[in-house]
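Worksheet: one structure, shown below.
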Amino acid sequence: MEWHIKCDPRDIARYVFTPGDQARARKIADHFDRAKLVTESRGYSVFSGDYKGIPMTVCGTGMGGPTVGIAVEELAHMGADTFIRIGSCGVFQTWQKTGDVVIASGTVRAGGTANAYLPPIFPAVPDFVVLRALVEASEELDIPAVVGVGIATDAFYAPRGVDHLDDLKKAGLVSIEMESDTLFILGAYHGWRTGMVAASDGDPGAIKPADKEADFHRGEQNAIKIGLQAMWKIAQTDLKE
């Protein structure tokens with residue numbers, strides 16, 4: 001029995017989605033056949049079911065590196081080895097809009113949890129198999145997605161901004177959120193496959209106006225569709241090996 005995610009390991013699939021939002025976890029599970037609530041414990045909501053014949057699990061991790069780090073460690077102890085974060089993010093480029101989909105090709109490490117695993121000089125990047133599957137899924141579903149480097153930080157309300165943020169934006173930074181750096185580094189350290197697709201909720205420095213909520217939820221559903229299709233594609237390849 002794990003410390004925080006208390007359940008029977010037989011209820012955990014190899015293929016796991018790790019949204020931060022518990023409500024989004026339920027939205028993902030709504031796409032499963034025979035979806036069931038596995039456990040709700042210490043802030044983690046876990047659902048399992050089948051998607052197009054493939055057993056899959058979704059775990060709402062909560063916000064930030066520490067919580068996603070605990071979740072993937074414990075889920076991996078129970079047999080999971082492939083993790084896709086389906087999240088939300090702020091965006092930086094003037095041409096990016098609320099509801100756009102972002103697929104992370106890498107993450108600037110501005111959080112702290114991953115430093116307990118690998119030094120900051122080590123890059124936080126997704127597994128290429130997962131990254132490729134996410135991009136291919138976006139193309140197959142005809143859902144446009146921005147593929148690029150984002151940043152993840154622990155302090156949502158920090159009084160001081162991230163160092164060199166203007167330079168990072170100039171270099172093409174496309175997103176900001178709180179979990180992908182930890183997910184990618186733990187994946188590299190342990191040999192797990194990881195990736196992230198996220199829906200834009202707009203300028204990180206501004207409160208999203210009410211009339212943009214529909215745009216965000218459209219983007220959220222698009223990110224979920226891409227994530228599900230990508231995970232299914234990965235599973236099909238695994239079955240052939």
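The values are calculated or read from the model by the stated rules, or taken from the named source; none is laboratory data. Predicted model only: the values in this text are computed from it and were never measured. Using ideal geometry, Cβ is built from the backbone for each residue, glycine included, and neighbour counts are taken over all protein chains shown. SASA here: full protein model, heavy atoms, side chains in, ligands and nucleic acids out. Shrake-Rupley method; radii C 1.70, N 1.55, O 1.52, S 1.80 Å.
In the stretch 222-241, the residue that is surrounded by the fewest Cβ atoms within 10 Å (Cβ to Cβ) out of those that are under 17 Å from D142 (Cα atoms) and among the β-branched types (V, I, T) is I224. Beta carbons closer than 7 Å, at least 6 apart along the sequence or on distinct chains, never pair a first residue in the stretch 69-83 that is modelled with pLDDT under 95 with a second that is of a type in the set (V, I, T) and in a loop (DSSP other than H, G, I, E, B).
To keep it simple, each residue is scored yes or no on (1) buried (at least 16 other Cβ atoms within 10 Å of the Cβ); (2) over 13 Å from the mean Cα position of the chain (by Cα); (3) under 25 Å from Q236 (Cα atoms).
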position	(1), (2), (3)
A13	yes, yes, yes
F17	yes, no, yes
H31	yes, yes, yes
P55	yes, yes, yes
M63	yes, no, no
V72	yes, no, yes
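Of all the criteria given as (1) open to solvent by 20 Å² or more (accessible area, probe 1.4 Å); (2) out of contact with any Asp or Glu (no Cβ under 9 Å at 6 or more places or on another chain); (3) under 23 Å from T113 (Cβ atoms); (4) not β-branched (V, I, T), the one not satisfied by Q93 is (3). For A188, the criteria (1) under 19 Å from G20 (Cα atoms); (2) touching a Phe, Trp or Tyr at 6+ places or on another chain (Cβ under 8 Å) hold in every case but one, which is (1). When the stretch 208-221 is filtered for residues that are open to solvent by less than 30 Å² (accessible area, probe 1.4 Å) and touching a helix residue (DSSP H, G or I) at 6+ places or on another chain (Cβ under 9 Å), only E220 remains.
Checking each residue in the stretch 26-41 for being in a helix (DSSP H, G or I) and either within 19 Å of K52 (Cβ to Cβ) or touching a His at 6+ places or on another chain (Cβ under 6 Å) (or both) picks out K27, I28, A29. Pairs are defined by a Cβ separation below 6 Å, a sequence spacing of at least 6 or placement on different chains, a first member in the stretch 130-141 that is under 18 Å from G191 (Cβ atoms), and a second member that is open to solvent by 70 Å² or more (accessible area, probe 1.4 Å) and of a type in the set (F, W, Y); no pair meets this definition.
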